Amino acid sequence: MLLRVPSKFEVFGLVKFYEVSEVISLNSMGLSGASGVFGLGRDELYDVASKTAIVVPAKDEDLWAFEGVIRAIPLPSPLIVVSASSREHVDVYSHEVEVVRLLSRLTGRRAVVVHQRDPAWVEVLSKTGLRSLIDGEGVRYGKGEGMILGVLVASWLGASYVGFIDSDNYLPGSVVEYALAFYTGLAMAESRYSMVRIAWPYKGKLPATDEVILRKKGRVSMHTNSVLNAALSKLRRIETEIVKTANSGEHAMSIELALRLPWAGRYAVETYELVSLLESCYVNVEFRGETCSFAPDGVKILQVETRNPHIHAEKGDEHIARMAAESLGVVYHSPLADSDLKVKIRELLITNYLYEDEPPRPRVYDIVDVDPRKIVSEYLSSSKLAFDSQS
Ligand code: GDP
Ligand code: CO
């Protein structure tokens, strides 16, 4: 893949946001293009791919879509499925494991599948700083909670980078593109603390309704982006539209960043990655004279606009309203938002999502003081549900 090297960036304290870079060539096969574009040679591409673990969160998605995602993730990247799928009535989880097991057997790919509600987590995590993740029966439901388990497994596998790709992607071709954008973007950033977030050119829904099929932007992300940009514009007193990826499920980062970042639960997770960085490395640094834990390197955030449309499952208005509230709740409860912006967030939730309550405050988890290797090896040795291609 060849990416256009972004020519502009904006700095907020120690957080550096790059303008969106486009995909110039989807498949450069190791050719490097001219100046102004960046691409990896074949060997380098293979090297970065093998150091990037890809986490796929799954909760009762269409098995066909799930299998397409699994087959699309480039083979050298270790695969980590974190599932919260049902095990009763229809045992969706056992189907997911079977899909991964068969593909691992055919391809030799490194893969680990874990279940979020596995009781084996309870004993392992209750002794650690992550005990708030558990609710008695297993790890709490929630996409963010699942992603944290994914980061722990990625660290246990020795990965240098961790990427996330949703399991409800109906186009395997877009999954291939996300992975290539992660590898290329992370290599281009060349930084200890870096992140690559996907900006969608078009976002669609399946099944197609009588509405527009390909939308220019997702509804919720449009609102979260504009609220975050409004907050930043006010704080810096220079108007900005730099944030285009506040809700991107598809994103990747260096493992060092992932392990130091505080994580939020449920659908607050993606927005909170940006908000927590902006709180600790911008607001607290610039206005309170504190230092942030990513000093002196700072954090680079790349945004890549892929060519394939993002087609994923349609989950209904109520789901979207909950997601919007959890995501906007992150900004609402942050020092980034002043009282005007809080009013605006409430109005936006009512007008667009018929959501009248105060948006929820995110539940936040710290993984900086836990030992991922110990946690994951203890979990895998006691779990009756997990799958590890190497055992
Ligand atoms: P949207 O694409 O932003 O509307 O969000 P989705 O509802 O599609 O969720 C994104 C991804 O997270 C999908 O692959 C879901 O299957 C997955 N997911 C949702 N909730 C959970 C959960 O509680 N645990 C795990 N492990 N995955 C989840
Ligand atoms: Co989705």
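The values are calculated or read from the model by the stated rules, or taken from the named source; none is laboratory data. None of the values given here were measured: they were computed from a predicted structure. For neighbour counting, all protein chains shown are included, and Cβ atoms are generated from backbone atoms with ideal geometry for every residue, glycine included. Side chains are part of the model used for accessible areas, which takes the heavy atoms of the whole protein and leaves out ligands, DNA and RNA. Shrake-Rupley method; radii C 1.70, N 1.55, O 1.52, S 1.80 Å.
Cβ separations smaller than 7 Å between residues 6+ apart or across chains give the following pairs from region 247-265 residues that are hydrophobic (A, V, I, L, M, F, W, C) and part of a loop (DSSP other than H, G, I, E, B) to residues that are within 16 Å of ligand 1 (Cβ to nearest atom) and at pLDDT 95 or above: Leu261/Glu273.
No other residue among Pro296, Pro360 is touching a helix residue (DSSP H, G or I) at 6+ places or on another chain (Cβ under 7 Å) and assigned to a loop (DSSP other than H, G, I, E, B) apart from Pro360. Annotation: of all residues in region 154-172 being farther than 14 Å from Lys51 by Cα and open to solvent by 40 Å² or more (accessible area, probe 1.4 Å), the one that is farthest from ligand 2 (Cβ to nearest atom) is Pro172.
Examine region 130-137 for a residue that is among the acidic types (Asp, Glu) and in contact (Cβ under 8 Å) with a residue 60 or more places away in the chain, and state whether such a residue exists. So far as region 130-137 goes, no, none of its residues is among the acidic types (Asp, Glu) and in contact (Cβ under 8 Å) with a residue 60 or more places away in the chain.
If only residues of region 341-370 that are in contact (Cβ under 8 Å) with a residue 60 or more places away in the chain and over 25 Å from the mean Cα position of the chain (by Cα) are counted, the one that is farthest from Leu152 (Cα to Cα) is Lys344. Just so you know, in region 25-49 the residues that are under 28 Å from Leu277 (Cβ atoms) and in a strand (DSSP E or B) include one that is least open to solvent (accessible area, probe 1.4 Å), and it is Gly39. Tallying residues that are within 11 Å of ligand 1 (Cβ to nearest atom), buried (at least 19 other Cβ atoms within 10 Å of the Cβ), not in a helix (DSSP H, G or I) and not polar (S, T, N, Q) within region 60-88 yields 5. Against the conditions (1) open to solvent by less than 20 Å² (accessible area, probe 1.4 Å); (2) part of a helix (DSSP H, G or I); (3) touching a helix residue (DSSP H, G or I) at 6+ places or on another chain (Cβ under 9 Å), Tyr93 satisfies every one except (3).
Would you tally the residues in region 297-339 being open to solvent by 30 Å² or more (accessible area, probe 1.4 Å), away from ligand 1 (no atom under 16 Å from the Cβ) and either touching a residue at least 40 places away in the same chain (Cβ under 8 Å) or among the basic types (Lys, Arg) (or both)? Counting residues in region 297-339 that are open to solvent by 30 Å² or more (accessible area, probe 1.4 Å), away from ligand 1 (no atom under 16 Å from the Cβ) and either touching a residue at least 40 places away in the same chain (Cβ under 8 Å) or among the basic types (Lys, Arg) (or both) gives 6.
Each residue in region 151-177 was checked for being more than 16 Å from Arg260 (Cβ to Cβ) and of a type outside the set (D, E, K, R), and 16 pass.
So for region 320-336 (the condition being of a type in the set (Lys, Arg) and under 24 Å from Ala111 (Cβ atoms)), does at least one residue qualify? The answer is no, given that none of the residues of region 320-336 is of a type in the set (Lys, Arg) and under 24 Å from Ala111 (Cβ atoms).
I'd like to verify a number: residues in region 128-153 that are in a helix (DSSP H, G or I), farther than 18 Å from Tyr272 by Cβ and more than 14 Å from ligand 1 (Cβ to nearest atom), how many?
Residues flagged as in a helix (DSSP H, G or I), farther than 18 Å from Tyr272 by Cβ and more than 14 Å from ligand 1 (Cβ to nearest atom) within region 128-153 amount to 1.
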